[in-house]
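What follows is one structure encoded as structure tokens, with my remarks underneath.
The values are calculated or read from the model by the stated rules, or taken from the named source; none is laboratory data. All values reported here derive from a predicted model rather than from experimental measurement. Note: ideal-geometry Cβ built from the backbone for every residue, glycine included; neighbour counts use all protein chains shown. SASA here: full protein model, heavy atoms, side chains in, ligands and nucleic acids out. Shrake-Rupley method; radii C 1.70, N 1.55, O 1.52, S 1.80 Å.
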Amino acid sequence: GLKVPAIVDEPGGRVVLPVKEGTALTALAPTFTLSPGATIAPASGTARDLSRPVTYTATGADGKTRTWTVEAQVMRSPVLPGLYADPNIAVFGDTYYLYPTTDGFPGWSGTQFHAFSSSDLVHWTDRGVVLDLGPDVSWADARAWAPTIAARNGKYYFYFCADAQLGVAVADSPAGPFKDALGKPLVAAGAYPGQMIDPDVFTDTDGTSYLYWGNGNAYVVPLNPDMVSFDPAKVRTITPAGYNEGSFVFRRKGTYYFSWSENDTRDENYRVAYATGPTPTGPWTKRGVILSKDLSLGIKGTGHHSVLQVPGTDDWYIAYHRFAVPGGDGTHRETTVDRLEFADDGTIKAVVPTLTSVPPEIVPDLTPPVTHAVVTPAAPASGWYRGAVQVAVTATDDRDGAVVPEVRVTGPGFGADWQPLTGPLGLTADGEYTVQFRATDRIGNTAPVQSVTVRIDATAPVTQAAFDAAARRVTLTGTDPTSGLAGIQYSLDGGTTWTAYTAPVPVGATATTVTYRGTDRAGNVEVANQLEVPAAGPDRAPVTLTATAEPAQITYRDAGTVRVTVVGNLGGATAQGSIRVFDADVLVGIGRLDRKGTATITLDRTIPPGRRSLHVTYSGERRYLPAQTRLALLVVRAPSTTTVTVPETTVPVGQPVVAEVRVTSAPGVAVQGTVEVRRYDGGGGWWSFTAQLDANGVAHVPVGRAERPGTFSLRAFYPGSDTVVSSISGNVRITVPTPKG
């Protein structure tokens with residue numbers, strides 16, 4: 001499991017075991033090779049917790065002893081795989097970037113620049129070559145060194161060294177690819193004393209950007225707003241004592257920090273020093289060295305750094321290169337990242353170079369969760385569903401794994417509040433829904449709000465027929481309140497061919513049966529209706545129509561019936577024809593009169609609760625005129641039962657508690673809306689937590705942690721809906737024992 005061979009600090013009596021990421025440090029069993037007659041304690045090959053130093057005592061055959069400390073460290077460095085140096089670290093949006101020199105070439109003769117991206121400063125992705133001197137730069141072919149980057153007005157400016165000259169390239173993305181902006185050096189070799197290498201760009205709070213560079217001498221100049229030019233008359237020399245190269249400037253709490261590398265990069269004493277000043281150009285007061293080698297860990301040549309502030313925080317990190325571990329040198333270097341910290345007086349604390357680099361859990365999370373919604377079933381071509389729909393929303397976070405999404409639904413039966421969604425969201429009623437969704441991770445990053453639109457129409461249209469006796473023609477009309485009427489069809493005298501209705505239908509002098517039906521845009525087809533048109537001749541006789549609801553009160557989703565009687569005044573001639581029952585414009589029942597002129601019609605179970613005035617119509621026939629009447633029906637809301645449960649009624653201090661609330665109603669009744677869980681403590685106080693019920697009438701409601709020993713109780717409240725009455729659960733008592741010891 002070692003990433004590199006064990007690092008032995010013989011003078012200090014210290015052994016460090018650099019292990020690969022994912023290794024459990026608490027149960028490692030190192031073995032030791034001993035000289036004849038020697039022993040070691042603890043014994044070789046026995047398991048130990050090496051997450052912290054363990055003291056081993058070696059005893060020679062002559063009885064002499066020596067102690068060693070042995071520890072294992074997860075070696076997360078180098079953070080970039082392979083040989084890279086001179087790293088410039090930056091952050092754009094929620095992504096960190098590293099731009100290094102590609103190392104490992106004699107005389108630092110590399111030609112390509114790579115970009116790397118990360119969400120946590122630990123795991124980096126190679127975004128590929130972003131600038132290649134060969135095909136991309138006309139004025140230089142080798143020695144691609146030490147880039148830096150700056151952003152302005154939606155563009156990204158990449159400053160680089162090539163053949164000991166400074167160039168600048170530009171791109172629309174921080175991941176490149178970059179294109180040479182000038183076709184010539186920004187700062188040519190020989191323009192000023194020293195080498196024209198190691199650019200750095202700092203942008204102050206007033207928007208002015210400054211270019212720093214130099215080897216042997218340090219220079220600074222304000223850049224013009226185009227970011228690719230400057231006034232040579234404004235170039236200033238700012239070379240501090242000990243300066244060699246690698247300028248980097250940043251600002252914190254009103255103080256400007258100018259840092260650089262001392263000594264030669266081939267020297268194991270290559271290191272970072274810094275100064276402070278009141279402006280981006282100084283004057284500078286040298287403060288001392290902040291980063292240098294640690295031979296006990298095999299770390300040498302620490303330098304050519306850059307500094308990063310995590311947006312919105314006072315957390316700072318330093319990226320730098322060192323000799324590769326093990327066996328590196330001035331052209332075989334690797335890049336790593338460590339913490340940068342400040343004392344109370346604003347001075348920089350000495351940076352501790354590590355093999356472990358940055359543990360991912362300490363890096364502030366900049367990345368919001370990723371959310372995704374799936375609508376089941378797939379959307380029909382019409383855009384309208386003809387039945388229940390489920391919307392499943394998932395959310396994942398690169399740090400936290402799965403997180404609970406939130407939804408806000410606009411549509412029938414829903415409010416306007418954001419609610420956690422722990423299962424699929426069920427949509428059943430006719431209408432148009434907008435389902436917005438988002439998710440927030442543990443640290444508070446919130447995903448952008450997205451939305452899906454669901455349109456449901458499960459109800460067929462309603463059509464009517466009117467006969468104009470004088471003109472001997474039938475006019476058909478129809479309505480559909482949800483998706484809209486797509487069309488009406490008709491047939492005559494029992495024919496099997498349907499004709500699209502476009503204008504009143506002439507029926508001639510003979511008796512005619514007109515069969516008709518409507519279709520809406522969702523594709524729902526109405527049950528066919530009939531109109532009996534009498535032959536030309538004497539007027540039809542009137543009828544007496546009576547209708548009663550049996551029973552007069554029903555519960556939502558129960559079956560109600562309407563008893564209809566039609567009595568004609570033509571002696572011995574019983575009325576025939578169809579009966580239709582409407583609730584407003586919605587057809588809720590249909591039937592035909594029997595031989596006695598009566599019909600018992602079963603009503604649709606979806607009549608909404610309330611005092612309903614049902615419209616009962618008789619179609620008429622050859623001998624009798626149409627007729628209509630009204631009747632009253634009371635539909636009451638369905639009952640509900642609310643229960644609350646928890647996985648365990650005895651929980652330890654500090655454990656989160658999630659209550660499961662389940663609301664049920666009568667068979668076929670969908671329970672929708674929110675539930676409230678109240679948490680009552682022993683002192684009489686209480687807290688309220690709400691959540692959205694899923695398609696099964698279930699909600700999982702986090703109610704906080706078990707904060708202290710004792711007991712508390714939970715109770716759930718369902719406020720009801722347009723179709724279901726409210727209900728309250730019983731109490732669930734939870735015990736929190738006193739911790740042992």
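The orientation-averaged projected area of the convex hull spanned by the Cα atoms of the chain comes to 51.4 nm².
Which shape class, rounded, prolate or oblate, goes with the range 450-587 when its Cα gyration tensor gives a ≥ b ≥ c as root eigenvalues, a/c under 1.5 marks rounded, and past that a/b bigger than b/c marks prolate? It comes out oblate by the Cα gyration axes. Applying the Karplus relation 6.51 cos²θ - 1.76 cosθ + 1.60 with θ = phi - 60° to the range 668-677 yields 3J(HN,Hα) values of x, 9, 7, 9, 10, x, 10, 10, 10, 10 Hz, where x marks Gly and Pro. The residue list T281, A509, V409 was ranked by how far each Cα lies along the charge dipole of the chain toward its positive end, using unit charges on Cβ atoms, and A509 comes out on top. Over what distance in Å are the Cα centres of the range 508-561 and the range 696-717 separated? Value for the Cα centre distance between the two parts: 54 Å. Here the Karplus curve 6.51 cos²θ - 1.76 cosθ + 1.60, taken at θ = phi - 60°, turns the phi angles of the range 135-151 into couplings of x, 9, 10, 7, 9, 7, 10, 8, 6, 7, 10, 6, x, 8, 9, 8, 10 Hz, with x standing for Gly and Pro.
Each Lys and Arg Cβ is given +1 and each Asp and Glu Cβ -1; about its Cα centre, the chain then shows a dipole of about 2260 debye. Each peptide in 296-308, 659-671 receives the mean, over its residues, of other Cβ atoms within 10 Å, and ordering these scores from highest gives 296-308, 659-671. Backbone geometry of the range 391-401 corresponds, through the Karplus equation with coefficients 6.51, -1.76 and 1.60 at θ = phi - 60°, to 3J(HN,Hα) couplings of 10, 9, 10, 10, 9, 10, 10, 5, 9, 9, x Hz, x marking Gly and Pro. Between V533, T544, I554, the Cα set farthest toward the positive side of the dipole of the range 508-562 (charges on each charged residue's Cβ, about the Cα centre) is that of V533.
Computed extension length for V374-D206: 55.8 nm, one decimal, from 0.36 nm per residue of separation with the Cα-Cα distance subtracted.
Between amide H atoms placed 1.01 Å from N, distances below 5 Å from K3 occur with V19, K20, all of them 5 or more places distant or on a separate chain. In this calculation the C-beta distance from T510 to Q450 is compared with R0 = 60 Å, giving a FRET efficiency of 0.45.
The residues neighbouring T354, those whose beta-carbon lies less than 11 Å from its own, together hold a net charge of +1 under the Lys/Arg +1, Asp/Glu -1 convention.
For an R0 of 51 angstrom, estimate the FRET efficiency from the Cβ-Cβ distance between T643 and T574 and round to the nearest 0.05. Write down the numbers at each step before the final one.
Numbers: r = 55 Å, r/R0 = 1.08.
So the FRET efficiency works out to roughly 0.40.
In plain terms, the bigger the Kirkwood radius, the slower the diffusion; for the range 255-345, with that radius from Cα pairs, at 25 °C and 0.890 mPa s, Stokes-Einstein puts D at 175 µm²/s. Please give the charge dipole size of the range 646-741, origin at the Cα centre, charges +1 on K and R Cβ atoms and -1 on D and E Cβ atoms. Round to the nearest 20 debye. Value, rounded to 20: 360 debye. Taking amide H positions as modeled 1.01 Å from N, with prolines and chain starts lacking one, the residues under 5 Å from L182 and 5 or more places away or on another chain are V168. Charging the Cβ of each Asp and Glu at -1 and of each Lys and Arg at +1, and nothing else, the dipole of the range 294-406 about its Cα centre rounds to 480 debye.
As a fraction of the 1.4 Å probe accessible area of the range 1-65, surface on carbon and sulfur atoms comes out at 55 percent.
Which pairs, out of K155/K349; K300/K349; K20/K349; K64/K293, put more than 24 Å between their alpha-carbon atoms?
Numbers: K155/K349 35 Å; K300/K349 19 Å; K20/K349 29 Å; K64/K293 33 Å.
Among K155/K349; K300/K349; K20/K349; K64/K293, the Cα-Cα distance tops 24 Å for K155/K349; K20/K349; K64/K293.
What FRET efficiency comes out for the pair D315/N153, r = Cβ-Cβ distance, R0 = 30 Å, nearest 0.05?
Numbers: r = 28 Å, r/R0 = 0.92.
Once the sixth-power term is evaluated, E becomes 0.60.
Rounded to the nearest 500, what is the 222 nm mean residue ellipticity of the chain from helices alone, with -39500 (n - 2.57) per DSSP H run of 4+ residues and division by all residues?
Working: 1 runs with 4 residues, N = 741.
Counting only the DSSP helices, I get 0 deg cm²/dmol.
Keeping every protein chain present and rolling a 1.4 Å probe, give me the accessible area per residue for the range 66-174 in Å².
On the way: 3540 Å² over 109 residues.
Each residue of the range 66-174 exposes 32 Å² on average to a 1.4 Å probe.
Scanning residues 5 or more positions from Y501 or on other chains, those with amide H under 5 Å from its amide H are I488, Q489, Y490, with H placed 1.01 Å from N in the peptide plane. The per residue volume of the convex hull around the alpha-carbon atoms of the range 309-389 is 227 Å³. DSSP beta bridges fully contained in the chain are about 95 percent antiparallel.
For the range 338-381, what does the equivalent ellipsoid look like in terms of its semi-axes, each the square root of 5 times an eigenvalue of the Cα gyration tensor, given largest first in whole Å?
Its equivalent ellipsoid spans semi-axes of 48, 13, 6 Å.
Which distance in Å, rounded to a whole number, links the C-alpha centroids of the range 174-235 and the range 466-492? Centre-to-centre distance over Cα atoms comes out at 79 Å.
At full extension, D264 and D94 could sit 57.7 nm farther apart than now, given 0.36 nm per residue minus the alpha carbon distance. Just so you know, the Cα atoms of the range 121-236 work out to an Rg and Dmax of 13.9, 44 Å. Classify the range 278-326: rounded, prolate or oblate, from the alpha-carbon gyration tensor (a ≥ b ≥ c, eigenvalue square roots; a/c under 1.5 rounded; otherwise prolate if a/b is larger than b/c)? Oblate, since a/c reaches 1.5 and b/c is not below a/b. If you sort the three axes of the alpha carbon gyration tensor as a ≥ b ≥ c, you get a/c of 1.5 or more for the range 159-223 and a/b no higher than b/c, which makes it oblate.
Between E21 and R66, the modelled labels are 3.6 nm apart [label points 7 Å from Cα along Cα→Cβ].
Using Cα pairs under 8 angstrom and six or more residues apart, how large is the relative contact order of the range 514-616, in percent?
Dividing the mean separation by the residue count of the range 514-616 yields 23 percent.
With the convex hull of the Cα atoms taken as the outline of the range 550-668, the averaged projected area works out to 10.3 nm². Each of T598, V616, V581 was scored by the projection of its Cα onto the charge dipole of the range 532-630, and the greatest displacement toward the positive side belongs to T598; charges sit on the C-beta of Lys, Arg, Asp and Glu.
Rolling a 1.4 Å sphere over the protein heavy atoms, what is the accessible area per residue of the range 427-557, to the nearest Å²?
Values: 6370 Å² over 131 residues.
With all protein chains present, the range 427-557 gives 49 Å² per residue.
Kirkwood radius and radius of gyration were both taken over the C-alpha atoms of the range 640-718, and their ratio Rg/Rh is 1.01.
Computed extension gain for K286 through A535, at 0.36 nm per residue and net of the alpha carbon distance, reaches 78.3 nm.
For the range 220-351, carbon and sulfur atoms together expose 45% of the accessible surface, with a 1.4 angstrom probe and every protein chain in place.
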